[in-house]
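Written out below as structure tokens is the structure these notes cover.
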Amino acid sequence: MTNLESEIQSGTKFLRNFDGEKIQEFVKNIKPPILIAAMGSSYYMPSGRLRSITRIVNLNEKIDYIFASEIYNYNPKNYNSLLLISNSGKTREIMECAKKFPKEKVFAVTSSKNSPLAKLAGKIYILQSGKEKAVAATKSIVEQSMLCASLVLHLAKKPIPTREKLGSVVKAMEKNSKIDIPHKIPVLVSGARTVYFAGGDSGIGYEISLKFMELAKKKSKFIPGTQILHGPEEVIEKGDVVFLLFADKYKVYFDRFKEMRNKTGCHLFLIGSKNPLTELALEIELVKGYKPYCILAYFWNLLKDFATLKGYNLDKAEKISKIGVGTKQS
């Protein structure tokens, strides 16, 4: 079993053993206005979940979630708390952010209490899922997303999810990460010049697109909503693959997606809809309120099959500078 496969299982294990009290103890000290900074996978899905839950509970508190490299656009005086998320605790952009705030205002989410980031923070949350060993972040995404959602729920004075409530999510993720995927799908992905993701986001679109670049070594792009129908379709080539996420929200536009498919010769797959627009059905189990987690598990599974088809080593990157993987952790 590869490190990636092991850590996919660890992600669902975290939810199965979810300890909301530890997260509650950490987030209760974070006072708005709040600035959250991260890079890569620590940004995409966690920020998407935070924004989704913020809309659902109609939270009015100011929370800005940014790429850490863009800290120069933000005045520390406008925030009471800086939440920094880095599994390794060594990400260069994150360290630069920490230096701009007084220590008592810095809250760190990391995998090691001895990391450079932890030493710059007033409060530390140690990831229960542990350090990442795989090249691509997996289990930490799940925990970081739960923490960000819990922060919003705490500020809105709403209950944090319980271990029991997450049981159905665990079952769906386990099923999606192990279900037999039609062999034709990774074959079509292999033949595509570019793999596109369109439709709803919640952070999952950008995250999956990143994973296809990291693990499938495939050009990939997420285009929100129906924007793919307004210009980008001009560069879609015959044989490219398009996954429409949260397709049920876009049923009124299915005729245009069908037109795009016919004009470009792309392969179109719908996530979350049984409408017969696609040549193969994607059997994904979805749990209301937690669909991004369920979709993430399915695409981890697809990427595993794709890597097997191509003979790729899921635990070895050729160009990625992955901090803390294959190097000694401090």
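Some points to look at:
- When segment 132-169 is filtered for residues that are modelled with pLDDT under 95, among the basic types (Lys, Arg) and in a loop (DSSP other than H, G, I, E, B), the ones remaining, listed by number, are LYS133, ARG163, LYS165.
- Count of residues meeting criterion [within 22 Å of LEU314 (Cα to Cα) and either among the basic types (Lys, Arg) or in a strand (DSSP E or B) (or both)] in segment 192-221: 11
- Cβ-Cβ distances below 7 Å connect the following pairs, each with a first residue in segment 296-323 that is not assigned by TED's automatic domain parsing to the domain that holds MET213 and of a type in the set (D, E, K, R), a second residue that is surrounded by fewer than 17 Cβ atoms within 10 Å (Cβ to Cβ) and modelled with pLDDT of 90 or more, and a separation of six or more residues or different chains: LYS310/SER190.
- Screening VAL109 against (1) touching a strand residue (DSSP E or B) at 6+ places or on another chain (Cβ under 9 Å); (2) surrounded by fewer than 22 Cβ atoms within 10 Å (Cβ to Cβ) leaves a single unmet condition, (2).
- From SER47, SER52, residue being more than 22 Å from PHE101 (Cα to Cα), assigned by TED's automatic domain parsing to the domain that holds PHE101 and either within 13 Å of the chain's Cα centre (by Cα) or not basic (Lys, Arg) (or both): SER52
- Test result for ALA172, surrounded by fewer than 19 Cβ atoms within 10 Å (Cβ to Cβ), out of contact with any Phe, Trp or Tyr (no Cβ under 7 Å at 6 or more places or on another chain) and modelled with pLDDT of 95 or more: no
- Residues satisfying the stated conditions in segment 86-107, i.e. at negative phi and of a type outside the set (D, E, K, R): SER86, ASN87, SER88, THR91, ILE94, MET95, CYS97, ALA98, PHE101, PRO102, VAL106, PHE107
- Any hit, segment 96-109, residues being under 20 Å from ILE204 (Cβ atoms) and part of a loop (DSSP other than H, G, I, E, B): no
- Condition met for VAL152 (within 30 Å of GLY272 (Cβ to Cβ), of a type in the set (Val, Ile, Thr) and in the same structural domain as LYS13 (by TED's automatic domain parsing)): yes
The values are calculated or read from the model by the stated rules, or taken from the named source; none is laboratory data. Worth saying up front: this structure is predicted, and the values here are computed from it rather than measured. Ideal geometry is used to build each Cβ from the backbone, glycine not excepted, and the neighbour counts take in all protein chains shown.
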